[in-house]
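Enquirer: Okay, handing you the structure first.
The values are calculated or read from the model by the stated rules, or taken from the named source; none is laboratory data. These numbers were taken from a predicted model, which means no experiment stands behind them. Here Cβ is always computed from backbone atoms with ideal geometry, including for glycine, and neighbour counts include all displayed protein chains. Side chains are part of the model used for accessible areas, which takes the heavy atoms of the whole protein and leaves out ligands, DNA and RNA. Shrake-Rupley method; radii C 1.70, N 1.55, O 1.52, S 1.80 Å.
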Amino acid sequence: MKTSTTTAAERSEFRSSVRDFLSSASPETRVREVIAGGTGLDEAAWKGLSADLGITGLLIPEEFGGQGMGMAEMVVALEEAARALAVVPLLSSGVLAPLAIQLAGDAQANATYLPGLADGSSIMTLAGIDGGGVTTQARDENGWSLYGTKTAVLNAQIASQILVTATTPTGTGLFVVDAKGLGVVITPQDALDLTRPTALVTLEGAPAVRIGGEYSEAFGTLVSLGRIATSAELLGMSEKLMEVAVDYAKTRVQFGKPIGAFQAIKHRCSEMFAHVESMRAAVETAALVDPSDTVALHEQALVVKAYCSRFAPWIAEATIQVHGGIGFTWEHCAHLYLRRVKTDEVLFGNALVCRDELQQLLGLTA
Amino acid sequence: MEELEGELRIWLNDALPAWQAQWGADQETWDAKCDWQRRMADGRWAIASWPVEFGGRGLGTLEVLAIEDVVASYGAPQIPGMIGLKNVAPTLMKFGNEEQRKHVARIGNTDEVWCQGFSEPGAGSDLASLRTRAVIDGDEFVINGQKVWTSNGMHASHMQLLARTDADAPKHKGISAIIVPMDTPGVEVRPIKQINGGAEFAEVFFTDARVPLANLIGPLHDGWGVTMTTLGHERAGVAVFAGRLEARIRSLIEEVSKSDHAVSPVVADELVEHYVESRVLGSMGRAMLAKIAEGGTPGSEQSVIKMVWSELSQRVDTTIMELAGVAGVTGDDNDAKLGYLSARSATIAAGTSDIVKNIIGDRVLGLPRE
């Protein structure tokens, strides 16, 4: 994966094209339609983002059908997709899966899986969080078999394959299992986020293929990149929420004037703006870090996630507050964002987890 | 840029020890600081942003900020005549007539120390509501009124005064910029003692003080335009503040982590919160400087950085006071005590945080005015 192959101006043009596409393909009415349908996938939006715009191939080298770009470009797409609440597996299949596979450094796995991910024809997801206190284990029984449970697996119901991290007799490994295969039980969860379903994945001796070798170091890098990716989503949603709140403050009249004229509301909106600008600077900085500089990547990813996980929820909550009663209704978009924001907040560690790691990194605690 | 910094380092390696040798124990005195400014001006470092025709180097914002960073890293003293160098001189260069421009060189070498007579008891955040009046009488202005929070007022030889010259015009349109020598009869200066014990500001009273009409800077009644153009010069400085606060928090954490006392997780988390915010603020500062380097003009960034910087730097001093515990209130830890008191001004000076939030709301977000 490259650091950045494009200029800021090119990325800005790219942003416009993604935003244009999503504003017609995934307006709020469409998002609600797909949620009601219960499939967890907006097929038309996914086809447009993958096959037509090539976004699923951004992080994949050209030799495997991708565009050979880096996080600097991908964060733009993530911001825009989250801003539109697009019901697509971009984070799981467009970011985490291709990164997880490439970090394993397994040429055969690259050739097997990356082309399908690049054009969006196959959907893969990552099962990285152990559930129920059980540590997922890989046993070598004439080929690898996986045992354990994974929770909060994004888009598991629509994935063809699931990438699983598991403990091996010698360390940590990355494995791939067939989502519909033997010994894989997918139980949909009553997830907070309505735009991105999650599932509990139970592995009961599921036959698995190992990708690459010892994976603990690679997993650390994957977590850092996941922090940057979820921060980008938080930024995209925060910016949209701020715009929604400001628009409402300009038009809603009480006591004879628009409520945005009252300083209590105005200052809340100004603070939202300051946090959005801060998040943007942090995300852009983190996305430009050379991923092979793991020390810098680790620190910058902790910083950006600690910041975005703290203030994006604040912005979502403040948006509801600015709207008063209307913000508490199902019909208003604010809760759809709040739900996704709270989910991105905890993925790869919330602000407390990140600050805890920073304490150790800075030598404040052992 | 590297060549410039190299030249500066070579210069500093000689100039700073020479100055220190001359002033010894008196380095904190006003005269010592003026002497340092003279040396910095002679070397064309203090006046690097000035055009070559005024003796400067004609350098842009980024080069000047780099110079200031290097000078600060040597632990050199503050330049005492900063207001003259950064605000008054550029105003005189742009709007002054030939006679008025003669002040510029004297501002550089501290023969003249300038202050700006802007804020008044009734005109702080709402500066344009100022009421000090300058009435034309023959070939003189007759000035009556009061200024407050005048930086360097006790040391100044001259003031760039903003006074109302047309009481009937809309508030921004009836103000003029006038040069007032501080020894003019009818001008009285009193120091303002601050909560941290210092007295960097003065109150200035005008009672029938008379100055020639020739002291008008720029057009009559357009003092607002004359002044606001040059205030913009200073704004990029917030990006440097951002970087310095980031460095300050980094070294505070280093200091705490190296101390013999175990750090409680509660304290550690407070420090890490500051660290996270300062790293993000630093990123904003660097993005703003990069924009300037590419020829762009910073817009809302400076308001945001100013707001975040002032609130964060204030919180850091509060944390340091908390870390000091009882030593902070007994005076055993004097730095913590004074730092805490001084930090109250961070969210007040150069626009209170509350006003900055109004400005962002009104001008950036387009929210209706109150």
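Enquirer: Output the helices (runs of 4 or more DSSP H) that fall wholly within the stretch A:1-57 and possess 3 or more residues being farther than 23 Å from A:His335 by Cβ and open to solvent by 60 Å² or more (accessible area, probe 1.4 Å), or say none.
Expert: The helices (runs of 4 or more DSSP H) meeting that bar are A:8-25, A:43-47.
Enquirer: Being at pLDDT below 95 and under 19 Å from the mean Cα position of the chain (by Cα) is true for just one of A:Asp130, A:Asp42, A:Asp52, A:Asp140. Which residue is that?
Expert: Result of the check over A:Asp130, A:Asp42, A:Asp52, A:Asp140: A:Asp130.
Enquirer: Next question. Could you count how many residues in the stretch B:112-142 are of a type in the set (Asp, Glu), open to solvent by 20 Å² or more (accessible area, probe 1.4 Å) and either in a strand (DSSP E or B) or not assigned by TED's automatic domain parsing to the domain that holds B:Asn215 (or both)?
Expert: 2
Enquirer: List the helices (runs of 4 or more DSSP H) inside the stretch B:255-361, counting only whole elements, that have at least 3 residues being among the hydroxyl-bearing types (Ser, Thr, Tyr) and within 26 Å of A:His275 (Cα to Cα).
Expert: B:265-293, B:300-324
Enquirer: Next up: Kindly establish whether B:Gly174 is small (Gly, Ala, Ser), more than 21 Å from B:Ala350 (Cα to Cα) and in contact (Cβ under 8 Å) with a residue 12 or more places away in the chain.
Expert: On the way: small (Gly, Ala, Ser): yes; more than 21 Å from B:Ala350 (Cα to Cα): yes; in contact (Cβ under 8 Å) with a residue 12 or more places away in the chain: yes.
It is true that B:Gly174 is small (Gly, Ala, Ser), more than 21 Å from B:Ala350 (Cα to Cα) and in contact (Cβ under 8 Å) with a residue 12 or more places away in the chain.
Enquirer: Still on this structure: Please work out if B:Ser73 is surrounded by 14 or more Cβ atoms within 10 Å (Cβ to Cβ), modelled with pLDDT under 95 and not assigned by TED's automatic domain parsing to the domain that holds B:Arg286.
Expert: no
Enquirer: Continuing with this model, one more query. Please tell me if B:Ala293 is more than 9 Å from every other protein chain (Cβ to nearest Cβ) and open to solvent by less than 40 Å² (accessible area, probe 1.4 Å). Walk me through it before giving the result.
Expert: On the way: more than 9 Å from every other protein chain (Cβ to nearest Cβ): yes; open to solvent by less than 40 Å² (accessible area, probe 1.4 Å): no.
So B:Ala293 fails the test.
Enquirer: Something else now. Quick check on the stretch B:299-326: of everything there that is away from chain A (no Cβ under 12 Å) and either open to solvent by less than 30 Å² (accessible area, probe 1.4 Å) or among the charged types (D, E, K, R) (or both), which residue is farthest from B:Pro265 (Cα to Cα)?
Expert: This residue is B:Ser313.
Enquirer: Now for a different question. List, please: which pairs have Cβ atoms under 8 Å, are six or more places apart or on different chains, and start with a residue in the stretch A:338-360 that is on the phi > 0 side of the Ramachandran plot and end with one that is of a type outside the set (A, V, I, L, M, F, W, C)?
Expert: Every condition considered, the pairs that remain are A:Phe348/A:Gly226; A:Phe348/A:Arg227; A:Phe348/A:Thr230; A:Phe348/A:Lys305; A:Gly349/A:Arg227; A:Gly349/A:Lys305; A:Gly349/A:Ser309; A:Gly349/A:Glu357.
Enquirer: Turning to a different aspect of this structure: May I ask you to verify whether B:Arg244 is more than 7 Å from chain A (Cβ to nearest Cβ), assigned to a helix (DSSP H, G or I), under 22 Å from the mean Cα position of the chain (by Cα) and not aromatic (Phe, Trp, Tyr)?
Expert: It is true that B:Arg244 is more than 7 Å from chain A (Cβ to nearest Cβ), assigned to a helix (DSSP H, G or I), under 22 Å from the mean Cα position of the chain (by Cα) and not aromatic (Phe, Trp, Tyr).
Enquirer: Which residue, of A:His275, A:His267, is in contact with a Lys or Arg (Cβ under 7 Å, 6 or more places away or on another chain) and either open to solvent by less than 50 Å² (accessible area, probe 1.4 Å) or free of Cβ contacts under 8 Å to residues at least 60 places away in the same chain (or both)?
Expert: Of the residues listed, the single one that is in contact with a Lys or Arg (Cβ under 7 Å, 6 or more places away or on another chain) and either open to solvent by less than 50 Å² (accessible area, probe 1.4 Å) or free of Cβ contacts under 8 Å to residues at least 60 places away in the same chain (or both) is A:His267.
Enquirer: Every residue in the stretch B:327-363 that is closer than 24 Å to B:Arg279 by Cβ and within 14 Å of another protein chain (Cβ to nearest Cβ), please.
Expert: Hits for the stretch B:327-363 are B:Thr347, B:Ser353, B:Val356, B:Lys357, B:Ile360.
Enquirer: Sticking with this structure for a sec: Output the residue which, of all residues in the stretch A:282-332 that are of a type in the set (Gly, Ala, Ser) and open to solvent by 10 Å² or more (accessible area, probe 1.4 Å), is modelled with the lowest pLDDT. So that I can check it myself, show each step before the final result.
Expert: Narrowing the stretch A:282-332 to residues of a type in the set (Gly, Ala, Ser): A:282, A:286-287, A:292, A:296, A:301, A:306, A:309, A:312, A:316, A:318, A:324-325, A:327.
Cutting the leftovers down to open to solvent by 10 Å² or more (accessible area, probe 1.4 Å) gives us A:292, A:296, A:324-325.
Working: A:Ser292: 93, A:Ala296: 96, A:Gly324: 96, A:Gly325: 96.
So the residue we want is A:Ser292.
Enquirer: I've got another one for you. Report whether or not A:Glu243 is closer than 30 Å to B:Ile359 by Cα, open to solvent by 60 Å² or more (accessible area, probe 1.4 Å) and among the charged types (D, E, K, R). Show your work before the answer.
Expert: Values: closer than 30 Å to B:Ile359 by Cα: yes; open to solvent by 60 Å² or more (accessible area, probe 1.4 Å): yes; among the charged types (D, E, K, R): yes.
Yes: the conditions hold for A:Glu243.
Enquirer: Also, I was wondering about something else. Given B:Ala163, B:Ala242, which one is at pLDDT 95 or above and open to solvent by less than 10 Å² (accessible area, probe 1.4 Å)?
Expert: Only one candidate passes the filter, namely B:Ala163.
Enquirer: Considering only the stretch B:288-333, state which residues are among the basic types (Lys, Arg) and at pLDDT 90 or above. It would help to see each step written out before you state the result.
Expert: Of all residues in the stretch B:288-333, those among the basic types (Lys, Arg) come to B:291, B:306, B:315.
Matches in the stretch B:288-333: B:Lys306, B:Arg315.
Enquirer: Still on this model: Residues being surrounded by fewer than 20 Cβ atoms within 10 Å (Cβ to Cβ) and either in contact with a helix residue (DSSP H, G or I) (Cβ under 7 Å, 6 or more places away or on another chain) or of a type in the set (Lys, Arg) (or both): count how many of those fall in the stretch A:337-350.
Expert: Here the count works out to 3.
Enquirer: If you don't mind, another one. Report those helices (runs of 4 or more DSSP H) wholly inside the stretch A:257-366 carrying at least 3 residues which are at the interface with chain B (Cβ under 9 Å from one of its Cβ atoms).
Expert: Here the list reads A:263-287, A:294-323, A:351-361.
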